[in-house]
Amino acid sequence: MTILSNANAQNETILLYPEGTPGLKAGIQIPEDSKSTDGITRVRDVTQPALYVYQPKKKTSDAAVIICPGGGYWILAIDHEGYDIAKWFNDRGITAFVLKYRLPQDNLFDNKEIRPLQDAQQAIRIVRKNATKYGVAADKIGIMGFSAGGHLASTASTHFNTQVGEITDPNTSVRPDFSLLIYPVITFSDKFTHFGSRENLIGKNPTIEKMELYSNEKQVTKDTPPTFLVSTTDDMVQPENSIGYFLACKKNKVPVEMHIYEKGGHGYGLKKKGRGPVETWAARMEDWLRDRKLMK
């Protein structure tokens, strides 16, 4: 584990693969692209994935949350769906980790579709193995995702029996202990999918088998972690994504709570711009975390 300083994080940056990024095509030396427009920082061309560690000034919980920013599997909206969220958790005494994961870019990686999940699983392994160092419980490590980051988080929450890629550790579980899915992409079915996210991950003309595999409402089992879901009816990522996952959790007796608001659109994070009741979604999540004894 390599630790670096980072201006955005309160404590440190952990490189996921200090010995070299698996799957990176030979001779690739592309600098990471980070651009800020409309108050949103968009990161692309990630070849050195990392965890940004946010420790609370006053820790009141031994839970931890790994946060996956959204961006359609095209970019990472790493500020308002990453750093800002980590600070929210810190303010409530919880340790947070922002995951800068690789995007499924053919020009950079072999077997591109597994790279985001490989990074999420590696992040869980790192946090779980270093739970004592960070003062967290190894059995209270959650994953959170927004939009396509929600697809990644739900994939990590349903595909944990298979550790993907070149690095595996059968002695360390990659199953999250709870999931927080905020306006998530869940399904890759034609009827309700977000086509941009699906195309970026598995291509323009995926097989039925591949669409089924990554339709995570179809992968829920009794071992899927307890889940909190938020969507709005006017979202371009249709609320049926959350509804399908909710129903699958209910069917499998997985503890689940869902909030669907009438309006609010997409990509709002913690921003408050006259969007109405959806602005209170984080308070509802806080209630859920307290009820599950993950937050005081």
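Only the coordinates and a few stated rules stand behind these numbers; no lab work does. All of these numbers come straight from a predicted model, not from anything done at the bench. Cβ placement follows ideal geometry from the backbone for every residue including glycine, while neighbour counts extend to all protein chains displayed.
For every residue, the table says whether it meets (1) of a type in the set (Val, Ile, Thr); (2) surrounded by fewer than 21 Cβ atoms within 10 Å (Cβ to Cβ).
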site: Lys57; (1), (2): no, yes
site: Ala63; (1), (2): no, no
site: Glu81; (1), (2): no, no
site: Phe109; (1), (2): no, no
site: Glu113; (1), (2): no, yes
site: Gln118; (1), (2): no, no
site: Ile143; (1), (2): yes, no
Subset tally (residues that are outside any strand (DSSP E or B) and more than 20 Å from Pro22 (Cα to Cα)) for the stretch 34-48: 2
Of all residues in the stretch 65-79, which are crowded, with 20+ Cβ neighbours inside 10 Å, hydrophobic (A, V, I, L, M, F, W, C) and under 16 Å from Pro104 (Cα atoms)? Cys68, Ile75, Leu76, Ala77
Condition check for Val185: in a loop (DSSP other than H, G, I, E, B) and within 22 Å of Gly244 (Cβ to Cβ): yes
Selected residue [assigned to a strand (DSSP E or B), in contact (Cβ under 8 Å) with a residue 60 or more places away in the chain and within 22 Å of Met285 (Cβ to Cβ)] from Leu99, Leu51: Leu51
Taking the conditions exactly as written (free of Cβ contacts under 8 Å to residues at least 24 places away in the same chain and surrounded by fewer than 16 Cβ atoms within 10 Å (Cβ to Cβ)), does Gly265 satisfy them or not? no
Say whether the condition of being free of Cβ contacts under 8 Å to residues at least 40 places away in the same chain and touching a Phe, Trp or Tyr at 6+ places or on another chain (Cβ under 8 Å) is met by at least one residue in the stretch 218-233. yes
Filtered residues of the stretch 102-126 (kept if part of a loop (DSSP other than H, G, I, E, B) and of a type in the set (Asp, Glu)): Asp106, Asp110
Anything in the stretch 226-258 that is crowded, with 17+ Cβ neighbours inside 10 Å and part of a loop (DSSP other than H, G, I, E, B)? List them, or say none. Pro226, Asp235, Val237, Gln238, Pro239, Val254
Look at the stretch 145-182 and say how many of its residues are hydrophobic (A, V, I, L, M, F, W, C) and touching a Pro at 6+ places or on another chain (Cβ under 9 Å). 8
